[in-house]
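This report refers to the structure that appears directly beneath it.
Only the coordinates and a few stated rules stand behind these numbers; no lab work does. Computed from a predicted model, the values in this text were never measured in an experiment. Cβ coordinates were reconstructed from backbone atoms using ideal geometry, including for glycine residues, and neighbour counts include every protein chain displayed.
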């Protein structure tokens, strides 16, 4: 009549134990820390650790400990935010640009808990603050990229219309100059160009056509580049798995990014600022070493360094075509893997239709010829000139692999020749998250305090506790014994939501916390449905134990229907929302799922424990 | 032991008699809400509009809460103040009237005013930089919102049609949209600040509202199968039977939100407000809108709609 099978109790106990295990890490505080990660070509080892320790001691900056973590980064723990930023400064000065020095929050959760995936939720920007990066778009690079593109457009327009030209070059200062071959129809060329580029100013004098890009157009190009970069940055942050970031344009050419409690800020910084991309270019036949030494480079070619070192100790040069077959921008997806054939880490890429078509066209015409993959990276450098920091950037272009085209290539192929698996996975992430429309440089990095005041946070927490307390009190008074069961179920529900959110790595903000209180407030519905149903069955004259069993059975169907629909609403918020909306949606879904389980299963288990064993139950306190 | 109870059982209020009045009132409220949104629009917050960011430096470490109070007193309402780096820097973000993208002069003069207002006694603030900042939420949010609503409508339609009947699905969706619109309309009409948290609150009203409606519909379905009575009586009976549950659930939910509203401070007030309205409207509408809709026009339900289909076919087969 009123029974509950053993294995269901076992599941309840298991769920309870897991919930406690995964909710507990939230009780451990975090250490403000400084994280040091090696850039391409540098290494984190015991020697570096000693160097850092010595520098910190010399500068008299207190720190708790320094250790090389499992992921190969050096982590220096400090005891206060103040010591943290001082330590970061000291380390940054000491190590220079071969290492990324970043602020971090180090977990103090015991190792065995971390080993089973138990971790604490990170607190949101409103509660804990986070890290702040200010990035600036490189105006010059953004514009010169546009000039290059304009020049290429003009070239192809002339080529398509069979107008011979000797050169089309961007001159800087907003103009592109085309020199036509002798005897070509310059009026026709001018007309064609103005038709293609109606907003540009086109002048023709003799064989020379000058295309000027007006200032308004240049401003628009810059604004678009910043806007597109914001999109790319948010993609990259999503790939990093950071919830609820703030990304804002600041002024004309800057982007401010705030990230709440990131675990690995060094990686965040590297990924955010990175402009690494791949380009595929055809190899030009000819003696590259001779071309390098004589300076006699064929007009359609450009000289690149490859990864391999020649007998003279310099990198081996390669002559590549100026025209790019396809680049990272035409890419749809990328994933890293280990290529067993070449024995090196590799990236598998899939191009979009345009890129795939270009690759197909090129490779089908050039079977048996060689093609190179160029890895392009922009490395920021900080130099001290006359006691002042001078920031500059260096673009490194390196050929990472040259392969003979064996057969026609399509949309999908792979690139080998990367140094390490980490490099491969970082590159894949960057390629997936899209290329920046214009390179950006970090101009500021800070830890940032909570955006809500202490008072507000305190009030918020009090309110959440109060609202939870109200609900519990009401149930105790109104349903007595069953109220107690309901309260237990609600507390277990709360524990489960906390555990699940921690495992999922959710970011907890004040609205999120309020969301939990609300879902608890609403999840009482399932309990009310059950309790009211039991009362109803009792009124109909059923014996107490039968009434309890009937109440649970009959309410279950209603709870299912009501919760599935509410779950759909939460799913919509999580799927289409950003920031707090998404967090709210996820909280809602979790809350509904766990409350349905606790109301139907856990509370029934408890009720059976209390009332099930009694032979002659006269009445129920409900 | 007699149950402790404040709501009478066996209530038999004739909700259906009022159906034309209640539906007219609901329709009117919806029109008012839509009108309010069209005419007055929303008082969007910094999250949506963007504004101005000012970086301040103090001589000594400032008390952030004190700075917030002073800015609020000086008329910079809703300014976000954060510690910025270690020690003496603060970052202030606020909405600015009539600012334009890239309007550097305006940003600068507002920055000066902010620095003046944020200066503490014996600890003056110096403006280090100020610039126009864009909205935190992208322009694509509106489009995503439309997708989300479409997703919800299709999802509800699918699930409710499967478990209940198409008429129930349509009635439930109309009721839910009615609740969300009224809730949003309140914010347009009252001019209360509309931030991302309020949006989250309003959207979660959808979940509450559908939940409430489904519970009543569930009882309607059960009663149609078990009772011999005309649809209006069945609907009335169902609403009455679930009345105590509806009121208790809403009462407890309202209580939790009320605590957030009273004790939660500024940051949770908007969200709690949207929830309180949503809970009240959602409860009332599940009684006065959802069920009456089932008696009208093409949504009129009959016993046949809810009888298991297999039995219908058997009955048909037995006919001569």
Q | chain A: angle of helix A:510-539 to the longest principal axis, Cα-based, in degrees nearest 10 | A | 30 degrees
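Considering only DSSP beta bridges with both partners in chain B, what is the antiparallel share in %, to the nearest 5?
Working: 19 of 21 bridges.
For chain B, the DSSP antiparallel bridge percentage is about 90.
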Q: Report the FRET efficiency, 1/(1 + (r/R0)^6), for residue A:542 and residue A:348, where r is their Cβ-Cβ distance and R0 is 56 Å, rounded to 0.05.
A: 0.30
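Count, for each residue of A:581-587, the Cβ atoms from other chains sitting within 10 Å of its Cβ, then give me the mean as a whole number. Intermediate values should be presented prior to the final figure.
Details: counts 11, 1, 1, 8, 5, 0, 2.
Shielding by partners across A:581-587 averages 4.
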Q) Length gain on complete extension for the stretch residue A:609 to residue A:406, per 0.36 nm per residue less the alpha carbon to alpha carbon distance? A) 65.8 nm
Q: Obtain the nm distance between the two label points defined at residue A:365 and residue A:166 by a simple spin-label model: each point lies 7 Å from its Cα along the Cα-to-C-beta direction.
A: 2.6 nm
Q | Simple label model, 7 Å out from Cα along Cβ direction - residue A:308 to residue A:322, nm | A | 2.8 nm
(Q) Just to confirm the number: angle between the C-alpha axis of helix B:266-285 and the first principal axis of chain B, 0 to 90 degrees, nearest 10? (A) 10 degrees
Q: Go ahead and estimate [θ] at 222 nm for chain A from helices alone: -39,500 (n - 2.57) per DSSP H run with n ≥ 4, summed, over the residue count, rounded to 500.
A: -16000 deg cm²/dmol
Q | Residue of B:172, B:229, B:79 that the Gaussian network model of chain B assigns the largest fluctuation, springs spanning Cα pairs under 10 Å | A | B:229
Q: Work out the mean other chain Cβ neighbour count within 10 Å for the residues of A:588-597 and drop it here as an integer.
A: 1
Q: Output the peptides A:95-105, B:65-75, A:308-318, B:268-278 sorted from most to least packed, where packing is the average of other Cβ atoms within 10 Å over each peptide's residues.
A: B:268-278, A:95-105, B:65-75, A:308-318
Q) Nearest-5 percent of antiparallel DSSP beta bridges in chain A? A) 95 percent
Q. How crowded by other chains is B:209-220, given as the mean number of beta carbons from other chains within 10 Å of each beta carbon?
A. 5
Q: Pull out a ≥ b ≥ c, the square roots of the eigenvalues of the alpha-carbon gyration tensor of the protein assembly as shown, then state rounded if a/c is under 1.5, prolate if not and a/b is larger than b/c, and oblate in the remaining case.
A: prolate
**Q.** Mean Cβ neighbour count within 10 Å, used as a protection proxy, ranking B:146-154, A:333-341 highest first
**A.** B:146-154, A:333-341
Q) What order do you get for A:3-11, B:209-217 when each peptide is scored by the mean count of other beta carbon atoms within 10 Å, highest first? A) B:209-217, A:3-11
Q. Quick one: helix A:139-160 against the long Cα principal axis of chain A, what's the angle to the nearest 10°, folded into 0 to 90?
A. 60 degrees
Q: Give me A:43, A:86, A:546 ranked fewest to most by other Cβ atoms within 10 Å of their Cβ, as a rough exposure proxy.
A: A:43, A:546, A:86
(Q) Taking a ≥ b ≥ c as the square roots of the Cα gyration tensor eigenvalues, with a/c under 1.5 meaning rounded and otherwise prolate when a/b beats b/c, else oblate, which class fits segment A:60-112? (A) oblate
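As a test of the formula, what do you get for chain B when each DSSP H run with n ≥ 4 contributes -39,500 (n - 2.57) and the sum is divided by the residue count, at 222 nm and rounded to the nearest 500 deg cm²/dmol? Provide the component values of the computation, followed by the final result.
Numbers: 11 runs with 196 residues, N = 320.
Only helices count here, giving -20500 deg cm²/dmol.
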Q.
Is the C-alpha gyration tensor of segment A:368-501 telling us rounded, prolate or oblate? Criteria: a/c under 1.5 is rounded; beyond that, a/b larger than b/c is prolate, otherwise oblate.
A. oblate
(Q) If I model a spin label as a point 7 Å beyond the Cα along the Cα-Cβ vector, how far apart are those points for residue A:89 and residue B:302 in nm? (A) 8.4 nm
Q: Return the single residue from B:47, B:195, B:63 with maximal mean-square fluctuation; model: Gaussian network over chain B, springs between Cα atoms under 10 Å.
A: B:63
